[in-house]
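Here the structure comes first, spelled out in structure tokens, and everything after it is commentary.
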Amino acid sequence: MRVGIGYDVHGFGPGDHVTLGGEKIPWSQGIRAHSDGDVLLHALCDALLGAMALGDIGQHFPDTDPRWKDADSRVFLRHCAKLMQERHWRLVNADLTLIAEAPRVGPHRVAMQAHIAHDLGCEKDRVNIKATTSEGLGAFGRGEGLAAQAIVLLAHANGGSNGH
Ligand code: MG
């Protein structure tokens, strides 16, 4: 078994939607980011890479690389899924928390869960998505951006300790 943790932050900027958990949500602002700025998927990718001891998302998808300009972060997630498959790791569960005053994830939760389960090739009930506000405190409370935390547990197919 391996555990991994991930965290990501992006600020709001000009735009008309935010992408969260692979779901495009119409919104009065956009996200400032090189890619689509999907904090939930970025935190999840970092947690998966962390569990496999494969560094972080910035190493695999540098934000200086024009290939990842406005990239769909599901591409990053599928890349992590491929790395897991190659190393015989499977997801036991992932637990994600969005930290934002808005937008609300409630109406989009099921769609996000489906996107993530699809990309990781696992059952939907292995993926939990929850959200909290910052109670009006700090940068997130002022609605300057949003953040996400992810934690994952992976199990190795052979019950081995190093995944190779
Ligand atoms: Mg990010």
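Every number in this text was worked out from the coordinates using simple rules, so none of it is lab data. Small disclaimer: the values here were computed from a predicted structure and weren't measured. Cβ placement follows ideal geometry from the backbone for every residue including glycine, while neighbour counts extend to all protein chains displayed.
Observations on the model:
- Shape box of the chain [Cα atoms, principal axes, largest first, Å]: 48, 34, 26
- Helix 73-86 axis, angle to the chain major axis (alpha carbon atoms, nearest 10°): 10 degrees
- Each other residue within a Cβ distance under 9 Å of Gly6 adds +1 if Lys or Arg and -1 if Asp or Glu, for a net charge of -3.
- With the cut-off at under 20 Å, measuring from each backbone N in segment 56-90 to a point 7 Å along the Cα-to-Cβ line of His17 picks out 68-78.
- Stretching Lys82 away from Ala139 to a fully extended chain increases their span by 17.0 nm, per 0.36 nm per residue minus the current alpha-carbon distance.
- Note on Tyr7 and Lys24: the extension gain reaches 4.1 nm, defined as 0.36 nm multiplied by sequence separation minus the Cα-Cα distance.
- For the chain, the longest principal axis of the C-alpha atoms and the axis of helix 109-120 are separated by about 30°.
- Furthest towards positive pole of dipole, Asn93, Ile129, Ile25, structure part the chain, Cβ charges: Asn93
- For the pair Leu54 and Arg104, a Förster radius of 25 Å applied to the C-beta separation gives a FRET efficiency near 0.15, rounded to the nearest 0.05.
- Summarising the strand pairing of segment 50-164, around 60 percent of its internal DSSP beta bridges are antiparallel.
- Between Arg32 and Lys130, the FRET efficiency estimated from the beta carbon spacing at R0 = 35 angstrom works out to 0.90.
- For segment 90-164, the average shadow cast by the Cα convex hull is 6.2 nm², which is a quarter of the hull's surface.
- Principal-axis analysis of the Cα atoms of the chain puts helix 39-51 at an angle of about 20° to the longest axis.
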